[in-house]
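Quick notes on the structure that follows.
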Amino acid sequence: MGWWRRICVRVMCAVLPAGKETPGVDPQCCDELCERIRREAPLLLRMTMHASVALFVVCPLVTVGRPCPALWLSAENLDRHAAGMARHPSYLLRQAMMMLKTVAGMSWGTDPGVRRSLGMEPYAADPRGWRRS
Amino acid sequence: MIAPGTHLAFQTGAPVELEADYVVVGSGAGGAAAAATLVRAGRSVCVVERGPWRDPQHYPLSVYGAMRDLWSDWGTLFARGRSMIPILQASCVGGTTVINSAIVVRTPPAVLAEWAELGLGEVFSEAAVGAEQEALERELGVTRMHGRQLMEHSEALLRALRSRGLEGHALDRSARDCIGSGQCLQGCREGAKTSTNLCWVPEVITRGGTVLSCAPVGRVTIERGRAVGVSGRFVHPAPRRGERRRGARFSVRARRGVLLAASATGSAPLLERSGVRSAALGRGWRGQPGAAMIGVYPHEVRMERGTTQGAASLAYRSEGFKLESLSLPLELLAARVGGAGHRYARALEEAPRMAMWVAAVRAQAQGVVRAGRFGQPVVRYAPSRADTERLRAGLGRLARLHFDAGAEKVLPGIHGVAPELGPDELGALESAPLDNRCYTWVLSHLFGGCVMGKDPRRSVVAPDLHVRGVRGLHVVDAACLPTTLGVNPQHTIMAVARIIAARVVNEENVA
Ligand SMILES: Cc1cc2nc3c(=O)[nH]c(=O)nc-3n(C[C@H](O)[C@H](O)[C@H](O)COP(=O)(O)OP(=O)(O)OC[C@H]3O[C@@H](n4cnc5c(N)ncnc54)[C@H](O)[C@@H]3O)c2cc1C
Ligand code: SF4
């Protein structure tokens, strides 16, 4: 995992951590998803995702009053920062959080461990075929 | 030479050149309905579709797969205005009918009366549209959802409506054999939903027509005021590393006419790229945006079981919104539930006990769709304050209904309102902000951009159903509808497309 990918994954884990009985975003699953996005998704989606991660990292000052990158925050402040960004008055920050939740949600919601813990069937692999003639 | 009854997917090498009586651009609700009408009348037809042809066994299970394989541009098109609202459509053979919920609702007579005032009463009379919709219902096997198809998620809405004496009904859907897998948004792998890639597009081929897939039309060719064909270049739907995305050029000559059905976001930009000039082009773009209210119940609801959408209420149609049950896959539910961090994660643990119902607004706002710098659609649109007020009222009604059905709390998902509300806290919804940025809107019912009407300043298509100033060019999709409907649009779009296609053939016979 490159350094930026590690940051992306850590941000997603902070956005959707484990609940009482349900696992949170799994770093391995999330890394795989980020890799697929890198290979397959259109530029606009990738750019929006990376910009949202960058915003998450740089804006603790406006959410929890700490002038440092988000990933340097204590666990408690990181959680407050994530929650603060989701309900921030700035539409831009809220939209960025929506993007992060979309990606984190895709990783979390397809994770067989999460699905099982919620009593849902795990997904089989996506087939990805199309008619060639 | 390409044999009749052929499907041509992504091609490389020499340009592909074809000829047909009619070219239909787009294979969704409008395009496929029109194409089937034309082939049944004995005309040769070439359907040209931007996306690939995927069969039910190719459909993805995950939302990521659906974004990649079925949704237009991965769902990255937004209506931009004060707010950014995602626009959901599909790009594949079958168009948005592949991912929609297949709900079938007849065009309300009041809407046809509005159209009559725009000079369209003769063509789209109540009798003509009604007869077409009756035929469609038989053909598509429309059935009322019941039993296993509904399950607790939709049953609870119906119970709550009944308890208040409000109108509520199980939905009629063109999904006769629906087993209630709740996967409509990812395409129906059971093949239960009668999307147009499973009925009319194959019929076009059986009757000797041609279908090009992976073939986005770049331009309609117009010569001496007449549409004479279309052209573009094949695009690979899933290129591997080292594989080229752009394929061979194609052009299809239309002996008699071109019918556009590239959707409410596609048809106007295509006309713009093709050099059609009209003050009305791209204007009159409208939508029926909606948002959801989630109820959390003391018992399991399991919204993933049962049909994606099973119940609805038109009780508030006169107030400008309708209510429906809608189940979301877990991945998307995670984006919709408010918050982030540990509290949010704990809220998501309640997913099995959640029911989600939506309010869709018959919005009055109008926007514009244009071709962007690279030809892509750019939509400028935002719900007005009055539309937001309607949505707020709809969400308030839904919250009450959730409590009537036994919910413990609701999750409004409105910025400026607490993330969870109990039954005694609903006042907060009445005073919720009216800034449209505070709501989690989604747009899936789209209209306009090439609207029909008698006023040349306000309409692109004249009452004689030709694009003004261009002979042999017609619009047969949601783009030509001059108003919103207040109900689900597929049935109206299909009926309108069939009526226009039949008229086109008749006109030609008369000539
Ligand atoms: C999630 C969802 C659920 C819905 N549920 C319902 C429902 O239950 N009932 C209902 O009535 N309505 C529903 N709708 C709306 C309904 O599906 C659409 O209104 C309808 O399909 C629109 O028909 P159309 O022909 O205008 O466009 P589409 O069905 O979107 O078809 C347009 C086609 O044109 C193709 N195209 C675009 N540009 C080009 C080009 N340049 N060249 C070639 N091809 C091109 C596209 O790839 C696409 O296949 C739903 C919509 C969504 C998104
Ligand atoms: S709910 Fe499932 S079975 Fe029913 S139409 Fe939708 S995808 Fe098909």
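Bear in mind that the values in this text are calculations on the coordinates, not laboratory data. Just so you know, these numbers come straight off a predicted model, no measurement behind them. Virtual Cβ from ideal backbone geometry, glycine too; neighbours counted across all protein chains shown.
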Summarise the partner chain shielding of B:68-81 as one whole number: the mean count of Cβ atoms from other chains within 10 Å of each residue's Cβ.
-> 2
Going residue by residue through the range A:94-104, the Karplus relation 6.51 cos²θ - 1.76 cosθ + 1.60 with θ = phi - 60° gives ³J(HN,Hα) values, rounded to whole Hz and with x marking Gly or Pro, of 5, 5, 4, 5, 4, 4, 5, 5, 5, 5, 4
Counting partner chain Cβ atoms within 10 Å of every residue's Cβ in A:81-88, what's the average?
-> 5
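Is the range A:1-98 best put as rounded, prolate or oblate by its Cα gyration tensor, with a ≥ b ≥ c the root eigenvalues, rounded for a/c under 1.5, and otherwise prolate when a/b is larger than b/c, oblate when not? List each step's numbers first, then the result.
On the way: a/c = 1.72, a/b = 1.26, b/c = 1.36.
The shape class here is oblate.
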Least to most buried among B:480, A:34 (fewest other Cβ within 10 Å first) | A:34, B:480
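Provide the FRET efficiency to the nearest 0.05 for the residue B:137-residue A:121 pair, computing r from the beta carbons and using R0 = 35 Å.
Working: r = 33 Å, r/R0 = 0.95.
About 0.60, to the nearest 0.05.
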In terms of the Cα gyration tensor, with a ≥ b ≥ c the square roots of its eigenvalues, is the range B:1-137 rounded because a/c is under 1.5, prolate because a/b exceeds b/c, or oblate?
-> oblate
Starting at the first residue of the range A:5-18, write each ³J(HN,Hα) from the Karplus equation 6.51 cos²θ - 1.76 cosθ + 1.60 with θ = phi - 60°, in whole Hz, x for Gly and Pro.
-> 4, 4, 5, 4, 5, 5, 5, 4, 5, 6, 5, 10, x, 5
Determine the gain in length on full extension of the stretch residue B:6-residue B:117; use 0.36 nm per residue of separation and subtract their C-alpha separation, reporting nm with one decimal.
-> 35.7 nm
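Can you list the trypsin sites (Lys or Arg not before Pro) in the range B:200-296 that are in a DSSP coil and have 14 or fewer other beta carbons within 10 angstrom?
On the way: sites: B:207, B:219, B:224, B:226, B:233, B:240, B:241, B:244, B:245, B:246, B:249, B:253, B:255, B:256, B:273, B:277, B:283, B:286; in loops: B:207, B:224, B:240, B:241, B:244, B:245, B:277, B:283.
Loop-located and lightly packed - B:224, B:240, B:241, B:244, B:245, B:277.
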Sort out for me the Cα centre separation of the range B:57-102 from the range B:345-395, rounded to whole Å.
-> 15 Å
Lys/Arg +1, Asp/Glu -1 at C-beta; the range B:259-325 dipole; positive extreme among B:274, B:306, B:318 = B:274
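Just need the relative contact order of chain B here, percent rounded to a whole number, with Cα pairs under 8 Å and 6+ apart.
Values: 1304 pairs, mean separation 118.4, N = 511.
Across chain B, relative contact order equals 23 percent.
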Enter the Cα centre distance for the pair the range B:449-505 and the range B:36-50, rounded to the nearest angstrom.
-> 18 Å
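Full-extension gain between residue A:68 and residue A:132, please, as 0.36 nm times their residue separation minus the C-alpha to C-alpha distance.
Details: separation 64, 0.36 × 64 = 23.04 nm, distance 5.23 nm.
Here the segment from residue A:68 to residue A:132 would lengthen by 17.8 nm.
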At 20 °C and 1.002 mPa s, what whole-number value in µm²/s does Stokes-Einstein give for the translational diffusion of the range B:366-511, with Rh from the Kirkwood sum over Cα pairs?
-> 115 µm²/s
Quick one: what does P(r) look like for the protein assembly as shown with 10 Å bins over all Cα pairs, in whole %?
-> 3, 17, 27, 27, 17, 7, 1, 0
Put a dot 7 Å past each Cα toward the Cβ at residue B:17 and residue B:255; how far apart are the dots in nm?
-> 1.7 nm
Exposure proxy check on A:12, B:84, A:47: fewest-to-most Cβ neighbours within 10 Å is A:47, B:84, A:12
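Of all DSSP beta bridges in the range B:1-154, what percent run antiparallel (nearest 5)? Can you show the working numbers first?
On the way: 4 of 8 bridges.
Restricted to the range B:1-154, the bridges split so that about 50 percent are antiparallel.
Averaged over all directions, how much area does the convex hull of the C-alpha atoms of the range B:225-325 cover when projected, in nm²? Provide the component values of the computation, followed by the final result.
Values: hull surface 53.6 nm².
Taking the Cα atoms of the range B:225-325, their convex hull projects to 13.4 nm² on average.
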Taking amide H positions as placed in the peptide plane 1.01 Å from N, state which residues far from residue B:226 in sequence (5 or more) or on other chains have amide H under 5 Å from it.
-> B:471
log10 of Debye I(q)/I(0), alpha-carbon scatterers only, for the range B:69-113 at 0.14 Å⁻¹ = -0.52
Sorted by chain and number, the residues with a modelled amide H under 5 Å from that of residue B:250, at a separation of 5 or more or across chains, are B:16, B:232, B:233, B:234
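For a quick check: sort B:447, B:234, B:321 by the number of other beta carbons within 10 angstrom, fewest at the front.
So the ranking, lowest neighbour count to highest, is B:234, B:447, B:321.
Can you say what percent of the DSSP beta bridges in chain B, counting only those with both residues inside, are antiparallel? Round to 5.
The answer is about 65 percent antiparallel.
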In whole Hz, what ³J(HN,Hα) sequence does the range B:432-437 give by Karplus (6.51, -1.76, 1.60; θ = phi - 60°), x for Gly and Pro?
-> 4, x, 9, 7, 5, 6
MRE, 222 nm, helices only [DSSP H, n ≥ 4, -39500 (n - 2.57), over the protein assembly as shown, to nearest 500] = -10000 deg cm²/dmol
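May I ask you to derive the relative contact order of the range B:390-447, considering only C-alpha pairs under 8 Å and at least 6 residues apart, and to give it as an integer percent?
Numbers: 50 pairs, mean separation 19.1, N = 58.
Relative contact order for the range B:390-447 comes out at 33 percent.
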Under a 5 Å amide H to amide H cut-off, with H placed in plane at 1.01 Å, what residues pair with residue B:99 once short-range neighbours are removed?
-> none
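So what's chain B giving for Cα Rg divided by 2.2 N^0.38 Å, two decimals?
Numbers: Rg = 22.3 Å, N = 511, 2.2 N^0.38 = 23.5 Å.
Here the answer is 0.95, to two decimals.
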Contact order relative to length for the range B:323-379, counting C-alpha pairs under 8 Å separated by 6 or more residues, stands in percent at 37 percent
Averaged over the residues of A:14-21, the number of partner chain Cβ atoms within 10 Å of each residue's own Cβ comes to 5
Dipole moment magnitude, nearest 20 debye, the range B:237-296 about Cα centre, only Lys, Arg, Asp, Glu C-beta charged = 460 debye
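Determine the percent antiparallel among the DSSP beta bridges restricted to the protein assembly as shown, to the nearest 5.
Working: 48 of 75 bridges.
Counting DSSP beta bridges with both partners in the protein assembly as shown, the antiparallel share is about 65 percent.
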Where in the range B:40-63 does the amide nitrogen come within less than 16 Å of the point 7 Å from the Cα of residue A:36, taken along Cα to Cβ?
-> B:58-63
